[in-house]
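Colleague: A single structure is presented below for examination.
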Amino acid sequence: MGNELAGKVAVVTGGASGLGSAMVERFVAEGARVVVGDLDADGGARVAGRCRESALFEVTDVGDPEQVARLVDLAVARFGGLHIMCNNAGISGTMHKSLLHDDLADFQQVMSVNVLGVMAGTRFAARHMSEQGGGSIINLSSVGGVQAGGGVMTYRASKAAVIHFTKSAAIELAQYDIRVNCIAPGNIPTDLLAKASTTMSPEKAERMTRAMRDMMNQDRPLPREGTPEDVAEAAVYFAGDRSRYLTGTVLTVDGGTTAGKPLRRRTEPASNGGAPVGSS
Ligand code: NAD
C-alpha cells in the first residue's frame, strides 16, 4: 500500500464490519490514524486491534448526535485533528413483502441512523475542519438512493436524502475548503441484507438474501461481484488529495448497475468487431 493519507486523521462510523472495516484498514494502510465508532463493541475492538496504535474504537450510536460529537472530539483529542469524516454506519430496515405490507414501524430508526447520523457527523466534523483549513467528508448512500425501485422503501428514501444533503452541505462548506462527497455502493456482500431479514427464520432469510443477490447480479454489467475493498478504494480516493477538486459528487461503486442493463451475452473484444460470443 501507499502513503496517500500519511499524517491524516479519520473517523469512520460503522467501522466494525463490512464496508466500514475495509475502509478503516485501507485508511490505516495508507498512513492515516483512525477513530472507529460503532454499536458493535466486539467487532469494533477487533478491527481497531488489528490496526494497533493507528486506530481507536469507541462504542457509538450515530442516531444520537451527542455520541457523534464525542466521537469527533475523541479523534481531535487523541490524534490532534480531523481531516476525514466517513459517515458510513447504516441499516437497511426490515424487509417487507411490499409497500402495502410495510407497517413503517422502523421509519424513525432507519432515518435516525442513515440520515440524522450522517447529518450529525457532517456537522460536528465540519466544525473542526472549518477551523483547521478544510477536510473531506464522505457519506455512504446506495444505488437504492440513486435509482428508484421496489422494496425497502424507507431505506431507499433515507439514501436519497443522504445524496441531497451531501450536495447541499458541499455548497455550504466549500467556503471552508471542506469537500463533501457520496459513495453509492451496490450489492456488495456484507451483513447488511441479512440484517434486513431478522423477522424470518435463518433458513428463509438466507434463501431470500441469496435470491436477492442473484437478482442483483443479473442487473450488473461487470461480471464479478463487488467487494468491500472496492468501496474502500473509492473512499481513499475521496479522502486524499487526488480528489481535491471534487465536491458534491456521487460515485456509484456498483459494477455499472446504475449505468443500465447488461447485455444478455458477452461480446468479443473490438478486434472481433464486438460481435456477441457464439453469434454466427
Ligand atoms: P454492515 O451491516 O456490514 O455494516 C454496518 C455497520 O454499521 C455495522 O458494523 C453496524 O454495527 C453499524 N451500525 C449500525 N447501526 C449503527 C448505529 N446506530 N451507530 C453506529 N453504528 C451502527 O453493512 P455494510 O454493507 O458494510 O454497510 C455500510 C454502509 O454502506 C451503510 O450505510 C449501507 O447502507 C451502505 N451500503 C452498503 C451496500 C452493500 O452492498 N453492502 C450497498 C449500498 C449501501
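Every number here is computed from the coordinates shown, using simple stated rules; none is lab data. All of these numbers come straight from a predicted model, not from anything done at the bench. Here the Cβ is made from the backbone with ideal geometry for all residues, glycine too, and neighbour counts use every protein chain on show.
Colleague: Which residue, Ala184, Ala125, Ala205, has the most motion in a Gaussian network model of the chain that connects Cα atoms within less than 10 Å?
Modeller: Ala205
Colleague: If you don't mind, there's one more thing I want to ask. Based on the Cβ-Cβ distance from Arg78 to Glu131, what FRET efficiency comes out when R0 is 22 Å, to the nearest 0.05? Each step should come with its number before you reach the end.
Modeller: Values: r = 18 Å, r/R0 = 0.80.
Taking R0 as 22 Å, the efficiency between Arg78 and Glu131 is 0.80.
Colleague: As a footprinting exposure proxy, order Ile138, Ile163, Ile183 by other Cβ within 10 Å, with the fewest listed first.
Modeller: Details: Ile138 28, Ile163 19, Ile183 25.
Ranked by crowding around the Cβ, least crowded first: Ile163, Ile183, Ile138.
Colleague: While we're looking at this one, here's another question. Bin all alpha-carbon pair distances of the stretch 1-127 at 10 Å intervals from 0 and give each bin's fraction as a whole percent.
Modeller: Spelled out per bin, shortest first, that is 14, 44, 28, 10, 4, 0.
Colleague: Picking from Ser130, Ser92, Ser112, which is most flexible by a Gaussian network model of the chain using Cα springs under 10 Å?
Modeller: Its mean-square fluctuation being the largest, the pick is Ser130.
Colleague: So how far apart, in nm, are the two label points at Thr227 and Arg264 if each is 7 Å from Cα heading toward Cβ?
Modeller: 3.3 nm
Colleague: Tell me whether the stretch 38-96 comes out rounded, prolate or oblate; compute the Cα gyration tensor, take square roots of the eigenvalues as a ≥ b ≥ c, and use a/c under 1.5 as the rounded threshold. Present the calculation step by step, with values, prior to reporting the outcome.
Modeller: Working: a/c = 2.26, a/b = 1.43, b/c = 1.58.
In terms of gyration-tensor shape, oblate.
Colleague: Is there a pair in Lys159/Lys204; Lys159/Lys195; Lys97/Lys204 whose C-alpha atoms are over 21 Å apart, and which pairs would that be?
Modeller: Correct reply: Lys159/Lys204.
Colleague: Moving to a separate point now. Could you tell me the center-to-center distance, by alpha carbons, between the stretch 38-56 and the stretch 67-91 in angstrom?
Modeller: The stretch 38-56 and the stretch 67-91 have Cα centres spaced 14 Å from each other.
Colleague: What is the set of long-range amide H partners of Phe57 at a cut-off below 5 Å, with H atoms built 1.01 Å from backbone N?
Modeller: Val36
Colleague: Could you work out the per residue convex hull volume over the alpha carbons of the chain, in cubic angstrom?
Modeller: Dividing the Cα hull volume of the chain by its residues yields 149 Å³.
Colleague: Points 7 angstrom from Cα along the Cβ direction at Arg46 and Ala6: gap in nanometres?
Modeller: 3.3 nm
Colleague: Next up: Could you state the orientation-averaged shadow area of the convex hull built on the Cα atoms of the stretch 62-152, in nm² to one decimal?
Modeller: 6.5 nm²
Colleague: Which of these, Ser98, Ser54, Ser142, has the largest mean-square fluctuation under a Gaussian network model of the chain (Cα springs below 10 Å)?
Modeller: Largest GNM mean-square fluctuation: Ser98.
Colleague: Using modelled backbone amide H atoms (1.01 Å from N, in-plane), which distant-in-sequence or interchain residues come within less than 5 Å of Gly248's amide H?
Modeller: Val180, Asn181
Colleague: How many nm separate the modelled label positions at Glu53 and Arg210, each set 7 Å beyond the Cα in the direction of the Cβ?
Modeller: The modelled label-to-label distance comes out at 4.8 nm.
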